[in-house]
Amino acid sequence: MHESDFNSLKDALLRGGVAPRHVRRTIAELRDHHTDLFAEAFARGCSVENAEREASMRLGDHDSLAAQILARPELRSWAHRWPWLVYCVTPTVVFIFVFAALLLLLGRSGAGHTDYSSYANRWGSPESLWSLPGAIRLFRVVGLPLLLAGGCCFLAGRRRTAPRWPIVGVILASIIGAAFQFDVCWPYGANAHGALCLRTNLFPPFIGITGTILHAAAISVATLGPYLWWRRGVTRALS
Amino acid sequence: MERNNPPFMSGVPELLLLRLLADDELYGYEIVRKVRGATGDAISLGEGVVYPVLHALEAAGALRSRRRLVNGRERVYYTATKKGRSRLASLSAHWRRINDGIHLALAEMIHA
């Protein structure tokens with residue numbers, strides 16, 4: 001077996017749903033085994049070509065090895081067994097937790113219950129990106145949706161998952177990331193109360209929905225574009 | 001060397017691997033060589049096929065593995081766990097029953 005055969009076997013196993021850690025280990029062990037078989041045949045006096053041929057024959061051909069490994073359901077990854085859980089439920093749950101953590105962080109910093117000027121003196125002007133609220137806003141608007149959508153693509157690429165699942169995951173993560181927002185309503189004047197306001201435009205009257213759609217589309221394109229391009233390259237290289 | 005009948009051989013690699021690894025810590029290439037030696041070349045496992053069986057047994061908790069650096073090469077050594085030994089005992093008993101049954105049937109056919 002040549003290096004290209006090992007790469008092709010690796011790809012076939014990943015596409016078949018074998019967990020990446022099993023694939024890595026299997027390929028490494030097969031490669032080692034092949035080296036031992038080659039050394040054994042070479043030490044017996046075979047030529048390099050014959051030793052290589054014998055080692056490959058004894059190790060087994062690509063198709064039979066792939067079939068034997070794919071016949072073991074216990075080696076399949078959880079992402080292959082439950083793709084909807086990985087690409088749909090997990091990004092949503094992670095988004096909810098991180099969104100809540102950001103809101104909590106903003107609340108703990110005093111936003112909404114400290115007057116604007118005292119808050120700005122301590123944490124920097126909330127409008128500026130170089131302040132705590134600015135950094136949180138940037139992360140919520142750009143960082144978090146990109147991380148979630150990019151995470152879907154990364155997992156799918158690593159596991160050679162069918163593209164429909166990362167596409168669904170990325171679109172979902174982009175929509176959720178773009179549609180749920182929070183703002184700080186600052187208290188002005190004595191005894192006034194501020195608030196942290198949550199808002200979404202996923203429901204009627206859909207105020208600002210065009211911006212949300214564009215935002216979601218930008219995140220989807222920024223993550224799905226490189227992923228699909230990379231996937232095309234891998235498929236071409238193997239064919 | 002004869003080709004072994006795959007459906008009839010179902011479970012044999014698992015039994016042989018557990019038997020070998022119950023007493024020893026070995027890596028893939030050594031395992032295949034020992035299987036050949038122990039069965040007098042009667043049973044020859046497809047050499048690459050040993051790895052999915054090893055990984056599946058490890059996933060089931062019957063084997064454990066560790067990496068060792070030997071002569072500059074990192075190898076994965078396998079050995080049977082307590083669970084693996086009890087699985088070996090039950091598999092061995094099962095195969096002995098089958099073996100006794102076949103012996104009995106062959107003997108009856110010869111005397112009939």
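The values are calculated or read from the model by the stated rules, or taken from the named source; none is laboratory data. Keep in mind it's a predicted model, so treat the numbers as computed, not measured. Neighbour counts are summed over all protein chains in view; Cβ atoms, including those assigned to glycine, are modelled from backbone coordinates with ideal geometry.
Here are a few things to note about the model shown:
- Count - residues of the stretch A:68-88 that are within 14 Å of another protein chain (Cβ to nearest Cβ) and over 18 Å from B:GLU14 (Cα atoms): 4
- Residues within the stretch B:14-34 that are more than 18 Å from B:ALA60 (Cβ to Cβ) and of a type in the set (Lys, Arg), tallied: 2
- Among the residues making up the stretch B:59-73, those that are in a strand (DSSP E or B) and more than 16 Å from A:ARG21 (Cβ to Cβ) are B:ARG68, B:LEU69, B:VAL70, B:ARG73.
- Residue in the stretch A:89-111 that is on the phi < 0 side of the Ramachandran plot, at the interface with chain B (Cβ under 10 Å from one of its Cβ atoms) and part of a helix (DSSP H, G or I) present: no
- Checked against the criterion of being within 17 Å of A:CYS88 (Cα to Cα), surrounded by 15 or more Cβ atoms within 10 Å (Cβ to Cβ), in the same structural domain as A:PRO91 (by TED's automatic domain parsing) and not basic (Lys, Arg), the stretch A:222-229 contains one or more residues that satisfy it.
- Of the residues making up the stretch A:56-67, just one is more than 9 Å from chain B (Cβ to nearest Cβ), small (Gly, Ala, Ser) and without any contact (Cβ under 8 Å) to a residue 24 or more places away in the chain, namely A:ALA67.
- Inside the stretch A:162-202, residues that are within 17 Å of the chain's Cα centre (by Cα) and of a type in the set (D, E, K, R) make up a count of 1.
- Of all residues in the stretch A:100-115, none are modelled with pLDDT of 90 or more, surrounded by 13 or more Cβ atoms within 10 Å (Cβ to Cβ) and of a type outside the set (A, V, I, L, M).
- Some residue of the stretch A:144-161 being farther than 24 Å from A:ALA100 by Cβ, outside any helix (DSSP H, G or I) and modelled with pLDDT of 85 or more: yes
- Any hit, the stretch A:188-199, residues being closer than 30 Å to A:ARG15 by Cβ and not in a strand (DSSP E or B): no
- Filtered by the rule that a residue be more than 7 Å from chain A (Cβ to nearest Cβ) and in contact with a helix residue (DSSP H, G or I) (Cβ under 8 Å, 6 or more places away or on another chain), the stretch B:50-59 gives B:VAL50, B:VAL53, B:LEU54, B:LEU57.
- When residues of the stretch A:24-55 are limited to those that are more than 10 Å from chain B (Cβ to nearest Cβ) and under 31 Å from the mean Cα position of the chain (by Cα), the one nearest to B:LEU57 (Cα to Cα): A:ARG24
- All positions within the stretch B:18-48 that are within 12 Å of chain A (Cβ to nearest Cβ), crowded, with 18+ Cβ neighbours inside 10 Å and not charged (D, E, K, R): B:TYR27, B:GLY28, B:TYR29, B:ILE31, B:VAL32, B:LEU45, B:GLY48
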